[in-house]
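Input: a single structure, listed below in C-alpha cells.
Nothing in this text is a laboratory measurement; each read-out follows from the coordinates by a stated rule. Since the model is a prediction, treat every value here as computed from it, not as a measurement. Reconstructed Cβ throughout: ideal geometry from the backbone, glycine too, with neighbour counts over all protein chains shown.
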Amino acid sequence: MTVKPDRYEDFVALTRRSKELLERCGAKNVRLLAGITAGEASGTLALSSEYDDFTDAGRTLDKFLGDAEGRALMAESNSTSGPTASWQGSTWIEVPL
C-alpha cells in the first residue's frame, strides 16, 4: 500500500481499526510492515495476517466483508478522501526449505 502525502497518521488509525476487526473475524498475527530498503517497494506498507489454511483465510474474508464495519473500512480506505493512495492484495504461502 502507498499512503497519500501527509496522511500517514490517518492511515495508521484506519489500519488499527482494520486489525481489530480482522482479528475478531479470525485473522492471526496481523501486522503492519514497512518497506525500508526494498527497491521499488521502498516507502510502501504491507498489512500481513496469518491463517491455518485457505479455508480459514476465506472464512475470515467472508466475515470481514460481511460485516458493515468491514465494508465501511474498505470504502473509507479506498475513497478519494481516504488516506490510501493505492493498494494491492496478494496471497503468499510458506515454502518449506
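Based on C-alpha pairs under 8 angstrom that are at least 6 apart in sequence, the chain has a relative contact order of 36 percent.
Its Kirkwood hydrodynamic radius, worked out from the mean inverse distance over all distinct Cα pairs, puts the chain at 14.3 Å.
Peptides 19-27, 88-96 ranked from most to least packed give 19-27, 88-96, packing being the mean of other C-beta atoms within 10 angstrom over each peptide's residues. For residue 6 and residue 68, the difference between the fully extended length at 0.36 nm per residue and the C-alpha to C-alpha distance is 19.5 nm. Taken along the Cα-to-beta-carbon direction at a fixed 7 Å, the label points for residue 81 and residue 54 span 4.0 nm. Estimated from helical segments only, the mean residue ellipticity of the chain at 222 nm is -14000 deg cm²/dmol, where each DSSP H run of four or more residues counts as -39500 (n - 2.57).
In this structure the amide hydrogen of residue 85, modeled in the peptide plane, comes within under 5 Å of the amide hydrogens of 2, 3, 4, none closer than 5 places in sequence on its chain.
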